[in-house]
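A.B. asks: Sharing a structure with you now.
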There are 2 protein chains.
Amino acid sequence: MKRVSGTFIPPIMLDSRGRSPIYRQLYDWLRTAITEGQLRPGQRLPSTRGMATELQISRISVFNAYEQLHSEGYLEAFAGSGTCVARAIPDDALGVRSSRDRKASQRRPVSGARRVSARVAALWKVTPEPWLHSMGAFRVSLPALDHFPIEVWSKLVTRHSRRQSRTVMAYGDAMGHLPFREVIAEYLSTFRGVRCHASQILVTTGSQQALQLSAQVLLDPGDQVFMEEPGYRGARVAFMNAGAQLIAIPIDAEGMIVSEVMARPRAARLAYVTPSHQYPVGMTMSAARRISLLNWAMRSGSWIIEDDYDSEYRFGGRPIASLQGLDTHDRVIYVGTFSKVLFPALRLGYMVVPGDLAPAFSAARDAADIFSSTLYQAVLTDFIREGHFARHIRRMRMLYMERRKALVNAIRTHMGNEIEVIGAEAGMHLVASLPLGIDDVLVSKIAAQNGISAMPLSSCCLKSPERAGLILGYGGVNARQIHDGIRKLAHLKSGLTCTKVPNAK
Amino acid sequence: MKRVSGTFIPPIMLDSRGRSPIYRQLYDWLRTAITEGQLRPGQRLPSTRGMATELQISRISVFNAYEQLHSEGYLEAFAGSGTCVARAIPDDALGVRSSRDRKASQRRPVSGARRVSARVAALWKVTPEPWLHSMGAFRVSLPALDHFPIEVWSKLVTRHSRRQSRTVMAYGDAMGHLPFREVIAEYLSTFRGVRCHASQILVTTGSQQALQLSAQVLLDPGDQVFMEEPGYRGARVAFMNAGAQLIAIPIDAEGMIVSEVMARPRAARLAYVTPSHQYPVGMTMSAARRISLLNWAMRSGSWIIEDDYDSEYRFGGRPIASLQGLDTHDRVIYVGTFSKVLFPALRLGYMVVPGDLAPAFSAARDAADIFSSTLYQAVLTDFIREGHFARHIRRMRMLYMERRKALVNAIRTHMGNEIEVIGAEAGMHLVASLPLGIDDVLVSKIAAQNGISAMPLSSCCLKSPERAGLILGYGGVNARQIHDGIRKLAHLKSGLTCTKVPNAK
């Protein structure tokens, strides 16, 4: 380190063994001195030779630093010859900055001046969710990652990555990779009774993006959205983010109570439903309700989002056909995801949009993030075509059925009869209802502190919830983890039951 | 094929060699008959045995079909015994559907009833861009894909894909994969003079998502945004999509004319700038302007987005340090991307947000699409750490410099002196100005029809443009393609020059 005190310039430290080259250190120092007002506009700088001698560095370093500052407008040629600080840097600008120091940069201006949008301010204030931080028992939506056929998958990844074509590297279609969309359309029409053409498939980064895009395309700020109560929080934040007003519609054993939809004084622009397997409670929407909802949408010119989020896993009976397949007036936007079947970090989902809305959705996707990464789309196309996908679903269906049984048994054994297990025999989670008066958010928070992820049922509610419960995912946990997790949860809960707290959110 | 005409039911076709199993065909047919009103609520169905005999199929197939329809609520138990069509399906619902036929599903209801949001309707109407369909000469933003070190890259992909850990497969942080954010923070502070900590880095799917998220976090509908004129269309659509009002601020040789910003009667909530290399015209924003703009933002409580989109490529002199590095009041959101340095389908970019806004941006990202796919983040972390990234940039800088020269020469040779080449010696594109009176959109459309991608300068303008020009990308084209492309373009242009059209957009 050499410390040089110039006659005309503030002290400067140059470190010859430093990370950045000498010219760069000099450049940085001079720039800071100019912007902080230590060097004033019009102030003459020594010649490159003079500066080099002064600092005992090479002249080329000084030259490079000056040249760079010159090209950025901090320095200018001095009348006649030589170099000075640019005079075009306004005095007041420098005045403001001359007071800068470490503290100044930490000092926050008044909060009113750091305004974020009303929508995001509202989002930001939504309760933090400590139960989502753990990937252990009983993280909702997490599949059995250790049962994923990683060998087959990585072979496909390697195959596509090695002979990575121009198509896989360049800009892709906002709607998605065409062969992938064709495979999805075929899958949906065969297994889910969805009526669609590949041109209606929009590949997304997951169901959340599908919801966000739907909100952008279909909702103006202030529009109403009908939500199942309790319902899916991800949908709620997507609609909030579009400035929508959320209206809770109660559910019963047949799903959303559509007569309540019709009884509302004003028809919502959009209804969001999970007809195959209601989230989080698990019932299937009845045929009568499906038809009524479709008719409501047709009559009122509203849209329906059908989120078919884990329809692949149904343990009793066959998968229920989609609502979209019943829709003859193109009122349904169908949403699905591969995250829960394969693995979340895949970031691939899809939506089926009415043909006439495809250009609007495509424009919204372009504005949002242009298109989805192509590699995984190409890999998954082969994975489905070669039969690995169907095989994996079959294997996971057996596995999740066993895990569900193990979880129900563990709850019976360790948590007693006061806990009711709610939810059809489907999917990757169930709801364990808690005795009246227990604050499920509190239970969940304490569980999270103890490494257990148990989502409170009330976090899925817009209104004050009628019952408390924990949503327990069993996709990503084996029998031992289930057993240990429930024992721990029972222990935590029994501590709480002794000191019941009012069910205030 | 057997055609069976029941006494009590409409004709039904079952195909024993068909794709779907017999039970499924029966199920489909019955469901359709119910929803279309051919089978009425309460109507009794034959017993499983009776139906099996009638249709000459196995009784188990009938049983399965009935059971499925039962579980979906289409059928119910008949008083006493047997099965009938569910009475809960409302009559009017069925009435509506009984008129269904192929034509009905094609018939579009009145367009007013198929309303999309005002924002997206506006987006959708933005001129279509045929010049973006071709990936050949002179597609803007396309890097030299054939010079990408695919061997090294795919080795890293294989490495990470094979020993794909739980981290790489499960849900990730909305802000991004931490090791990747650390590498980005280090890169930005070393090479771009950005002052940041990894906690301020938000990994995005590209600069477009960074702009979209910024719009969501910072803008309420109706807020004003100051845009460079001409400026980047991607930013325009992101801000439009948030319901913002766009204000064009003219530019000169020093970039955005900040005095015009100050002269506006009302301070915008946000100013969007490309200070290192103005898009599309190419100048560098002067130091004086940078400081003035920062001061304006501080005084008016506004935000600045610095889009540093291709700062890696600067052929004369060293890269210009970022505006963010000068900001001592945390007013700047810094945006960058890897799409232009590596390949677009990578879908990885980043933004640096002020520390106090990080939770808001994280919430907005969660609402938008939760997080970015982890594999490529992990791969790129190693690619940067092992020095491949810096090496690739150095090689590409040389290559693009040569390609730029080739393009300028080709324009000189084939298009004559009336074409002025505009743009600093930087980046991956330049602007070829057209003689006054030529409609650049028309030239671009005709070029697109002939397989040449040449973006019209006026498509970057909010107002009626003052000059016409073509934005020509040279990143993804070799010398021969440049030569052939310009010859073709010169030929197309000369045809137009003879029949000059008024410069109306």
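The values are calculated or read from the model by the stated rules, or taken from the named source; none is laboratory data. Note that this is a predicted model, so its numbers are computed, not measured. Note that each Cβ is placed from the backbone with ideal geometry, even for glycine, and that neighbours are counted across all protein chains shown. Accessible surface is based on the protein model in full, side chains and every heavy atom, while ligands, DNA and RNA are left aside. Shrake-Rupley method; radii C 1.70, N 1.55, O 1.52, S 1.80 Å.
A.B. asks: Would you confirm whether or not the range A:213-221 contains a residue that is out of contact with any Lys or Arg (no Cβ under 8 Å at 6 or more places or on another chain), of a type outside the set (Asp, Glu), more than 9 Å from chain B (Cβ to nearest Cβ) and crowded, with 22+ Cβ neighbours inside 10 Å?
C.D. replies: Yes, there is a match, as at least one residue in the range A:213-221 is out of contact with any Lys or Arg (no Cβ under 8 Å at 6 or more places or on another chain), of a type outside the set (Asp, Glu), more than 9 Å from chain B (Cβ to nearest Cβ) and crowded, with 22+ Cβ neighbours inside 10 Å.
A.B. asks: Can I ask one more? A:Pro280 versus (1) within 11 Å of chain B (Cβ to nearest Cβ); (2) not in a helix (DSSP H, G or I): which is the lone unmet condition?
C.D. replies: For A:Pro280, the exception is condition (1).
A.B. asks: Kindly list, by first and then second residue, each pair from a residue in the range A:179-190 that is assigned by TED's automatic domain parsing to the domain that holds A:Ser372 to a residue that is charged (D, E, K, R), limited to pairs with Cβ atoms under 8 Å and residues at least 6 apart or on different chains.
C.D. replies: A:Val183/A:Arg385; A:Ser189/A:Arg195; A:Thr190/B:Arg19
A.B. asks: In the range A:371-385, what residues are within 8 Å of chain B (Cβ to nearest Cβ) and either touching a Gly at 6+ places or on another chain (Cβ under 8 Å) or free of Cβ contacts under 8 Å to residues at least 12 places away in the same chain (or both)? Break it down stepwise before answering.
C.D. replies: First, the residues of the range A:371-385 that are within 8 Å of chain B (Cβ to nearest Cβ): A:371-376.
The answer is A:Phe371, A:Ser372, A:Thr374.
A.B. asks: Further question on the same structure: Only residues that are closer than 30 Å to A:Val152 by Cα and either out of contact with any Phe, Trp or Tyr (no Cβ under 8 Å at 6 or more places or on another chain) or open to solvent by 10 Å² or more (accessible area, probe 1.4 Å) (or both): list them for the range A:322-337, please. Explain how you work it out, then say what you get.
C.D. replies: In the first step, residues of the range A:322-337 are kept if they are closer than 30 Å to A:Val152 by Cα; the result is A:334-337.
Matches in the range A:322-337: A:Tyr334 only.
A.B. asks: Could you look through the range A:203-236, keep only residues that are in a strand (DSSP E or B) and hydrophobic (A, V, I, L, M, F, W, C), and pick out the one that is nearest to A:Leu357 (Cα to Cα)? Walk me through it before giving the result.
C.D. replies: Our first condition is that a residue be in a strand (DSSP E or B); within the range A:203-236, this holds for A:203-204, A:224-229.
Then drop every residue that is not hydrophobic (A, V, I, L, M, F, W, C), which leaves A:203, A:225-227.
Numbers: A:Val203: 15, A:Val225: 19, A:Phe226: 21, A:Met227: 22 Å.
Here the residue is A:Val203.
A.B. asks: Given the criterion open to solvent by 20 Å² or more (accessible area, probe 1.4 Å), basic (Lys, Arg), without any contact (Cβ under 8 Å) to a residue 24 or more places away in the chain and under 25 Å from B:Ile320 (Cα atoms), identify the matching residue among B:Arg394, B:Arg412. Outline the logic, then answer.
C.D. replies: Details: B:Arg412 fails: under 25 Å from B:Ile320 (Cα atoms).
The unique qualifying residue is B:Arg394.
A.B. asks: Ok, one more. Give the number of residues within the range A:295-311 that are closer than 21 Å to A:His197 by Cα and either out of contact with any helix residue (DSSP H, G or I) (no Cβ under 8 Å at 6 or more places or on another chain) or open to solvent by less than 10 Å² (accessible area, probe 1.4 Å) (or both). Outline the logic, then answer.
C.D. replies: To start, the set of residues in the range A:295-311 that are closer than 21 Å to A:His197 by Cα comprises A:303-309, A:311.
Then drop every residue that is not either out of contact with any helix residue (DSSP H, G or I) (no Cβ under 8 Å at 6 or more places or on another chain) or open to solvent by less than 10 Å² (accessible area, probe 1.4 Å) (or both), which leaves A:303-308, A:311.
Qualifying residue count, the range A:295-311: 7.
A.B. asks: Sort through A:Thr53, A:Thr83 and tell me the only one that's open to solvent by 50 Å² or more (accessible area, probe 1.4 Å), touching a Pro at 6+ places or on another chain (Cβ under 9 Å) and either more than 16 Å from B:Arg299 (Cα to Cα) or at pLDDT 80 or above (or both).
C.D. replies: Values: A:Thr83 fails: open to solvent by 50 Å² or more (accessible area, probe 1.4 Å).
Within the list A:Thr53, A:Thr83, the selection yields A:Thr53.
A.B. asks: Right, next: Which condition number does B:Asp252 fail, the rest of (1) more than 23 Å from B:Asp356 (Cβ to Cβ); (2) within 8 Å of chain A (Cβ to nearest Cβ) being met?
C.D. replies: Status for B:Asp252: all satisfied but (2).
A.B. asks: Being assigned to a helix (DSSP H, G or I) and open to solvent by less than 10 Å² (accessible area, probe 1.4 Å) is the filter here, so list the residues in the range B:345-356 that pass it. Break it down stepwise before answering.
C.D. replies: Taking the range B:345-356 as the starting set, the residues that turn out to be assigned to a helix (DSSP H, G or I) are B:345-346, B:355-356.
Listed by number, the residues that qualify are B:Ala345, B:Leu346.
A.B. asks: Ok, one more. May I ask you to list the residues in the range A:357-367 that are within 8 Å of chain B (Cβ to nearest Cβ) and either of a type in the set (S, T, N, Q) or open to solvent by 10 Å² or more (accessible area, probe 1.4 Å) (or both)? If you could, list the steps in order and put the result at the bottom.
C.D. replies: Applying the first criterion (within 8 Å of chain B (Cβ to nearest Cβ)) to the range A:357-367 yields A:357, A:359-360, A:363-364, A:366-367.
Those that are within 8 Å of chain B (Cβ to nearest Cβ) and either of a type in the set (S, T, N, Q) or open to solvent by 10 Å² or more (accessible area, probe 1.4 Å) (or both): A:Pro359, A:Ala363, A:Asp366.
A.B. asks: Scan the range B:153-178 and report the pairs whose first residue is more than 9 Å from every other protein chain (Cβ to nearest Cβ) and whose second residue is open to solvent by less than 30 Å² (accessible area, probe 1.4 Å) and assigned to a loop (DSSP other than H, G, I, E, B), with Cβ atoms within less than 6 Å and a gap of 6+ or a chain change.
C.D. replies: Within 6 Å, the pairs are B:Ala174/B:Phe371.
A.B. asks: So how many residues does the range A:437-459 have that are more than 14 Å from A:Lys488 (Cβ to Cβ) and in a loop (DSSP other than H, G, I, E, B)?
C.D. replies: Pass one, the range A:437-459, residues more than 14 Å from A:Lys488 (Cβ to Cβ): A:437-442, A:445, A:455-459.
Narrowing the set further to residues that are in a loop (DSSP other than H, G, I, E, B) leaves A:437-439.
Residues in the range A:437-459 being more than 14 Å from A:Lys488 (Cβ to Cβ) and in a loop (DSSP other than H, G, I, E, B): 3 in total.
A.B. asks: Contact list please: Cβ distance under 6 Å, first residue in the range A:200-228 and closer than 17 Å to A:Gln377 by Cα, second residue open to solvent by 10 Å² or more (accessible area, probe 1.4 Å) and among the charged types (D, E, K, R), pairs at least six apart or on different chains.
C.D. replies: From residues that are closer than 17 Å to A:Gln377 by Cα, the pairs are A:Ile201/A:Arg181; A:Thr205/A:Arg347; A:Gly206/A:Arg347.
A.B. asks: Now for a different question. Please find, within the range A:317-346, the residue that is farthest from the chain's Cα centre (by Cα) out of those that are facing chain B (nearest Cβ under 9 Å) and hydroxyl-bearing (Ser, Thr, Tyr).
C.D. replies: The residue in question is A:Thr328.
A.B. asks: What number of residues in the range A:126-152 are assigned to a helix (DSSP H, G or I) and more than 9 Å from every other protein chain (Cβ to nearest Cβ)? Quick ask: steps written out before the conclusion?
C.D. replies: Going residue by residue through the range A:126-152, those that are assigned to a helix (DSSP H, G or I) are A:130-132, A:145-147, A:150-152.
Of the ones still in play, those that are also more than 9 Å from every other protein chain (Cβ to nearest Cβ) are A:130-131, A:147, A:152.
Count: 4.
A.B. asks: Would a scan of the range B:302-323 turn up a residue that is in a helix (DSSP H, G or I) and either touching a residue at least 40 places away in the same chain (Cβ under 8 Å) or out of contact with any Cys (no Cβ under 7 Å at 6 or more places or on another chain) (or both)?
C.D. replies: Applying the first criterion (in a helix (DSSP H, G or I)) to the range B:302-323 yields none.
No, the conditions are met nowhere in the range B:302-323.
A.B. asks: Do you know which of the residues in the range A:58-78 that are away from chain B (no Cβ under 14 Å) and at pLDDT below 85 is surrounded by the most Cβ atoms within 10 Å (Cβ to Cβ)?
C.D. replies: From the range A:58-78, those away from chain B (no Cβ under 14 Å) are A:58-59, A:62, A:77-78; that's our starting set.
Pick out the ones that are also at pLDDT below 85 and you get A:77-78.
On the way: A:Ala77: 11, A:Phe78: 14.
If we take residues in the range A:58-78 being away from chain B (no Cβ under 14 Å) and at pLDDT below 85, then A:Phe78 is surrounded by the most Cβ atoms within 10 Å (Cβ to Cβ).
A.B. asks: Conditions first: (1) open to solvent by 50 Å² or more (accessible area, probe 1.4 Å); (2) modelled with pLDDT of 80 or more; (3) over 45 Å from the mean Cα position of the chain (by Cα); (4) more than 23 Å from A:Gly255 (Cβ to Cβ). B:Ser16 passes all but one, so which condition is the exception?
C.D. replies: That leaves (2) as the condition not met.
A.B. asks: Turning to a different aspect of this structure: Report yes if B:Ala297 is of a type in the set (A, V, I, L, M, F, W, C) and within 13 Å of chain A (Cβ to nearest Cβ), otherwise no.
C.D. replies: Numbers: of a type in the set (A, V, I, L, M, F, W, C): yes; within 13 Å of chain A (Cβ to nearest Cβ): yes.
Yes.
A.B. asks: Checking the condition at pLDDT 90 or above, under 28 Å from the mean Cα position of the chain (by Cα) and not in a helix (DSSP H, G or I), which residue from A:Ile393, A:Ile471, A:Ile482 passes? Give the derivation first.
C.D. replies: On the way: A:Ile393 fails: not in a helix (DSSP H, G or I); A:Ile482 fails: not in a helix (DSSP H, G or I).
It is A:Ile471.
Condition check ((1) open to solvent by 10 Å² or more (accessible area, probe 1.4 Å); (2) farther than 25 Å from B:Leu145 by Cβ) across all residues:
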site: B:Ala424; (1), (2): yes, no
site: B:Gly427; (1), (2): no, no
site: B:Val441; (1), (2): yes, yes
site: B:Tyr474; (1), (2): no, no
site: B:Ile482; (1), (2): no, no
site: B:Leu489; (1), (2): no, no
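A.B. asks: Against the conditions (1) more than 7 Å from every other protein chain (Cβ to nearest Cβ); (2) part of a helix (DSSP H, G or I); (3) more than 21 Å from B:Ala368 (Cβ to Cβ), where does B:Ser199 fall short? Just the number, please.
C.D. replies: (3)
A.B. asks: Among the residues of the range A:347-356, are any in contact (Cβ under 8 Å) with a residue 24 or more places away in the chain and at the interface with another protein chain (Cβ under 7 Å from one of its Cβ atoms)? Don't jump to the end; show me each part of the working.
C.D. replies: Taking the range A:347-356 and keeping what is in contact (Cβ under 8 Å) with a residue 24 or more places away in the chain, we get A:347-356.
This time we only want the ones that are at the interface with another protein chain (Cβ under 7 Å from one of its Cβ atoms), so: A:347, A:356.
Yes, the range A:347-356 has at least one match.
A.B. asks: Can you find even one residue in the range B:183-195 that is within 21 Å of B:Gly301 (Cα to Cα) and open to solvent by 10 Å² or more (accessible area, probe 1.4 Å)?
C.D. replies: Yes, some residue in the range B:183-195 is within 21 Å of B:Gly301 (Cα to Cα) and open to solvent by 10 Å² or more (accessible area, probe 1.4 Å).
A.B. asks: Could you go through the range B:108-118 and let me know if any residue there is at pLDDT below 90, open to solvent by 20 Å² or more (accessible area, probe 1.4 Å), of a type in the set (Val, Ile, Thr) and closer than 30 Å to A:Gly282 by Cα.
C.D. replies: no
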